[in-house]
1. Given the conditions (1) of a type outside the set (D, E, K, R); (2) crowded, with 22+ Cβ neighbours inside 10 Å; (3) in contact with a Phe, Trp or Tyr (Cβ under 9 Å, 6 or more places away or on another chain), report the number of the one that F:Ser190 does not fulfil.
2. I'd like the full set of residues that are touching a residue at least 24 places away in the same chain (Cβ under 8 Å) and polar (S, T, N, Q), limited to segment B:4-32.
3. Looking at (1) within 14 Å of chain C (Cβ to nearest Cβ); (2) touching a strand residue (DSSP E or B) at 6+ places or on another chain (Cβ under 7 Å), find the lone condition where B:Gly26 falls short.
4. Tell me which residues, restricted to segment C:60-88, are without any contact (Cβ under 8 Å) to a residue 24 or more places away in the chain, away from chain D (no Cβ under 13 Å), part of a helix (DSSP H, G or I) and under 19 Å from the mean Cα position of the chain (by Cα).
5. Which strands (runs of 3 or more DSSP E) does segment B:143-204 wholly contain that include 2 or more residues that are over 28 Å from B:Asn102 (Cβ atoms) and in contact with a His (Cβ under 9 Å, 6 or more places away or on another chain)?
6. If I ask for residues that are touching a residue at least 12 places away in the same chain (Cβ under 8 Å) and at the interface with chain C (Cβ under 10 Å from one of its Cβ atoms), which ones from segment B:93-135 would you list?
7. Pairs please, first residue from segment F:225-246 and touching a residue at least 40 places away in the same chain (Cβ under 8 Å), second anywhere and exposed (fewer than 13 other Cβ atoms within 10 Å of the Cβ), Cβ atoms under 8 Å, 6+ apart in sequence or on different chains.
8. With A:Gly42, A:Gly19, A:Gly26, A:Gly6 as the choices, which residue is in a loop (DSSP other than H, G, I, E, B) and surrounded by 24 or more Cβ atoms within 10 Å (Cβ to Cβ)?
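The values are calculated or read from the model by the stated rules, or taken from the named source; none is laboratory data. In this text the structure is predicted, and so the values were computed from the model without any measurement. Counting neighbours? That spans all protein chains shown, and the Cβs are built from the backbone with ideal geometry, glycine included.
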Number of protein chains: 6
Amino acid sequence: MRKPDGTMPLLAPMSQVAGRMAAEIGASLLRHPGPGRGKLMGGVAGVPPGRAVIIGSGTVATAAARVLMGLDARVTVMSRDLARLAYLQEHFGGRIATRVSNPQAVAEEVNGADLAILSVLVPGAAAPHVLSREMVRSMGPGAVIVDVSIDQGGAAETSRPTSHSDPIYVEEGVVHYCVTNMPGAVPQTSTQALTSATLPYIEALADFGIEDAMRRDRALAESLSTHAGRLIRGPVADVFGMQAAPNPFL
Amino acid sequence: MRKPDGTMPLLAPMSQVAGRMAAEIGASLLRHPGPGRGKLMGGVAGVPPGRAVIIGSGTVATAAARVLMGLDARVTVMSRDLARLAYLQEHFGGRIATRVSNPQAVAEEVNGADLAILSVLVPGAAAPHVLSREMVRSMGPGAVIVDVSIDQGGAAETSRPTSHSDPIYVEEGVVHYCVTNMPGAVPQTSTQALTSATLPYIEALADFGIEDAMRRDRALAESLSTHAGRLIRGPVADVFGMQAAPNPFL
Amino acid sequence: MRKPDGTMPLLAPMSQVAGRMAAEIGASLLRHPGPGRGKLMGGVAGVPPGRAVIIGSGTVATAAARVLMGLDARVTVMSRDLARLAYLQEHFGGRIATRVSNPQAVAEEVNGADLAILSVLVPGAAAPHVLSREMVRSMGPGAVIVDVSIDQGGAAETSRPTSHSDPIYVEEGVVHYCVTNMPGAVPQTSTQALTSATLPYIEALADFGIEDAMRRDRALAESLSTHAGRLIRGPVADVFGMQAAPNPFL
Amino acid sequence: MRKPDGTMPLLAPMSQVAGRMAAEIGASLLRHPGPGRGKLMGGVAGVPPGRAVIIGSGTVATAAARVLMGLDARVTVMSRDLARLAYLQEHFGGRIATRVSNPQAVAEEVNGADLAILSVLVPGAAAPHVLSREMVRSMGPGAVIVDVSIDQGGAAETSRPTSHSDPIYVEEGVVHYCVTNMPGAVPQTSTQALTSATLPYIEALADFGIEDAMRRDRALAESLSTHAGRLIRGPVADVFGMQAAPNPFL
Amino acid sequence: MRKPDGTMPLLAPMSQVAGRMAAEIGASLLRHPGPGRGKLMGGVAGVPPGRAVIIGSGTVATAAARVLMGLDARVTVMSRDLARLAYLQEHFGGRIATRVSNPQAVAEEVNGADLAILSVLVPGAAAPHVLSREMVRSMGPGAVIVDVSIDQGGAAETSRPTSHSDPIYVEEGVVHYCVTNMPGAVPQTSTQALTSATLPYIEALADFGIEDAMRRDRALAESLSTHAGRLIRGPVADVFGMQAAPNPFL
Amino acid sequence: MRKPDGTMPLLAPMSQVAGRMAAEIGASLLRHPGPGRGKLMGGVAGVPPGRAVIIGSGTVATAAARVLMGLDARVTVMSRDLARLAYLQEHFGGRIATRVSNPQAVAEEVNGADLAILSVLVPGAAAPHVLSREMVRSMGPGAVIVDVSIDQGGAAETSRPTSHSDPIYVEEGVVHYCVTNMPGAVPQTSTQALTSATLPYIEALADFGIEDAMRRDRALAESLSTHAGRLIRGPVADVFGMQAAPNPFL
């Protein structure tokens, strides 16, 4: 479901949860010696903080940046969306650095970094591999990657899906956390957040009936996949090689 | 070792490490459903943040407060040291609340709280039990206690020492993390921090020789326990029921 | 008058004035013992700050939140507009909490709160009663309600309009401030703010003449109620059960 | 009662209360047209904030500065204590200006200012008149003076004590608030703050008995005025032209 | 090139560079005695900061405000765009003042100011003279004007273009810095910023070919001035008194 | 002149001026292509900020750190004084990094850095050479060193004194600014600051006469070098191989 302004009201709260979790989990894995470096993300007086690179600049990346700043890490947010980087720099002041993303710039930033959070979303497509195996190796032993793009296939060449029961593995010396459906791990917060987002739509359906609710809210109507036994949503039809019937509410 | 102004230069860096870890670990345990509440410390838009109570106002408590603020938690720091609370309030502005600690006030604040960090140091004595069993129960199922005072015996009636290999247990429904020597879990940061703190003293010993170094630095001299085969430090002698010989460097 | 992006350029400055005043007046009433609690909104070292709930998330609510944060109060902003709450949380960081508004959540938050600021705007309709009499009572004696929605009928069951000369009354033990046209109390600031907002339109009317100015600015044209002796604005016509003539400038 | 480091532990909480109140009351009086200017301290978008001058740099002044900053006022803190001004500037960053106090500098700063908060403490002496009648007049009609030094006689030539029941008067066109014992107006906060400060001493008296408590705490002993029917405190004796007996606990 | 939302993606990075430079250069010229006042923009403890006025509220003005705030200057941003001033005030909190721009208000603010940064953009027209010669004189000897609008003819009556090799002149006692193409002075930063902004368009041209790239991106197509030997852009044609051919990609 | 608490009241304001100037000048030299890198210290959106290393942690270093943070640079403060680094980290939050200074750590941090500010004070001795020629070279062409320690001989192997009329030179590709008596370049600010600091002592001398003023203020008495034609200050006598007469006011 996508609003006319391009925002995704039901996805946004889950992205905030995932972004905050990604930062907290990254710091936690970095602490544990063995897989991680045995290092505090924020350092202490006289010991400089760790260095974190966030690739992406959407809701997940912004939430992760907030938490990493809060932990006093040194954060660089990388993205191809210059207007969004300008917003983040204006918003977070000098507390983060922003850098336009391209392969060479990514290679320079992740080299020796302590943590990389990957959140690269190409709507309707697999996530691109922004981290090559070589770049992963350049982070050095005990560094950490949290790949939030794993639901779209992962954004590192070395990423493969893991689960909450067995969340991490080490490859090229680097700890990988690639759990799909991350927000499932904080059910209390996720349930509240998701309910908050869906409730207005459920109320609309209850108050006006399905058909009227669809007519009153174009975004709701566009999110409908089937009606009267027929597939009516183009992108879904494309996936199955079918022809979509017209959406009667548009 | 204690400087004339009462600060403890070798202990302070480890206290910073322990305080930061306590906050990060508390948030981490709160996230994990099962023992914890499955809740994000900082909440997300529309879901209010968790509530954390820090008991104590020294280096550990200050470091923990910084990190919890950074995670966007609602933080109350409780202590009997009103001058220190004034400093913290002036320093952290409206981002934390401070409250004078007494049993009734503590009972009110921990009731329903998500996280309690205990850091109560009475020099040369066991930590007082600031949290009774009943107060612990009032936090509710899935709440978290991190007891940094565990090295002095623990500050909750329900605290008992645990280890890095088996760090937590649940009592009265509340997750307890009571690992002794917490900084041992982040060896890279702790080693750098501790080395930074001890190096000037090691250099003094190397540059001037032991005896001259003692004469030049009263704090160093006072920290000496034995000399020429004799016990020369009063408090240590007291513990063993012995008589201390005079310290020749004072 | 409403711009294409939905903002209301002439109303916004008055809403900023009202929001700031609401927070300052709420703190002031809380201070005065007798009706109020004799309590400082921001507390002092060792005495925790008061708790304020703002219902609404528009210009009034944002301005009120700024001032209450500045006074070091504990602030929760409640609204049904999740996207706006996300903006506020990103903007004000961890200094306020946000919570999605529904009757149960509101009941929980106002229970025992020191101050409630009500700013609920449903365009063209009476404000809904977000605070029931029972919720008001639950705030406890000496709490304060500032109802900025009073111009639309008030957002608490217990609200009734008051005036600058007799601004408050006590009901259910709670001080109510329900002055209509709040900005009238700060004429210097309000005049400057309103003049700043209206001047560009007055200049347009002076520079281009009425008709041309209307044609150049659709928002201006849409704000016109009568023309050539005929009522041309739909919503106004509806109120009087009349039929609107077409607006010649659209 | 004064600690060896010069701080006054029982006075400090009341000074925090008075400082916060002074700022809130100053803003409130400025708002009310008639005596005040009908002006919002913090301004709104497009209307610059009011200008406040704080004379003094102790606990009262610092608390007042915090609140005025929080209201988005333009604040200048003036004092002869350059080291304290350096602390405030380091602490509050660029959010306040500091200026060394001398008659010419004060005259320049209060000229046209909206609010002056006076908090000038010369221990054991009447407050100096830092604002002459002419300087008061230069603030212009509807400006506000809150004279927290009124308990020591007032720091403006035009100050005279007022009471909570009749708190203000206008002289030279400027509203004067000169209530003695300001914290009495917020009994809930003041009682909690004062109790927090005095409790440790009461406990010491209860635990050890009066005489032993005096011997254990030099500051407590020095604060004793009479013992065994004899006046033992020098400064008090001086006031009455008497000779003080020796303090048996020193 | 202008996006549908009115932003100018290729111009914005250069405006950020120019705005930051304007503030740094203004502070630098103020420091140097002789032409400047020999004054530190941010003051030190006991010496109040300098006063800066920024006229304009776009990208240049915002970047300049950030840097001047960072230098601890007292900053007032003036503009006719009230909505933008509201954004800036919400964004920068109480650290800047905003004031609606009109001749009288500008005259009041620049009187005695240390620095004026002029950034007034009227698209497709010469910059208006917001500072008259008299206003310039009122700043006083050794004040500084940085006129970023010089590329559109300058926004002060006393402005005339200068170059990087001979950047300043003094008129009415005030130092003028009116270098055209300011970002040329920081080639490393400017090149990176400009490349970041243009690269996506170059990639699109390379990936899809010119014609297809134009069809895929309306903003790109609209920015085309000539095609197949014919002038196709209206505003450019207007300048030369020519008739534009239709743009085949729209 | 040194107070009992070790602070130097007459030197501190000049150190604040020098620290702020050092940061502003460093940024300015970095901008100018030719000697400097043609780079903006704070970067812009998509272009990361420059990296600055401050060696020292006293008044100069703190003032320089404030300004560099304000310019959005990435700042690391290095010092051997761990307690002071803890203060700075607590004070500036996550906006700067701190690192204990030793030759290896300095070499790592300055490698590739854009700016190094040197402020190393060993009372009564020449500044140590904390930057070797090799470290200077490792910064790379167009980097900048501002050596505030030049009055004590300079803290880089490549430093030699320069003057306001010819302030810089290039060695090992790095721009050196080593002007002695830096505050002389901002006479207005420096004069106000110095007058503020000295005035209380001048008043004491005027009010009480020289001899009585000396007796009332031990710090003043200790600062006296000669009395009644005899040299009475030990350290000065040592420099000239003389014997100091006793100070009659101590």
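1. The failed condition is (3).
2. Across segment B:4-32, the qualifying residues are B:Ser15, B:Gln16.
3. For B:Gly26, the exception is condition (1).
4. C:Leu82, C:Ala83, C:Tyr87
5. By residue number, B:168-171.
6. The answer is B:Arg95, B:Ile96, B:Ala97, B:Thr98, B:Arg99, B:Val100, B:Ser101, B:Ala105, B:Glu109.
7. Pairs that qualify, where the first residue is touching a residue at least 40 places away in the same chain (Cβ under 8 Å) and the partner is exposed (fewer than 13 other Cβ atoms within 10 Å of the Cβ), are F:Pro235/F:Gly124.
8. On the way: A:Gly19 fails: in a loop (DSSP other than H, G, I, E, B); A:Gly26 fails: in a loop (DSSP other than H, G, I, E, B); A:Gly6 fails: surrounded by 24 or more Cβ atoms within 10 Å (Cβ to Cβ).
Answer to the check: A:Gly42.
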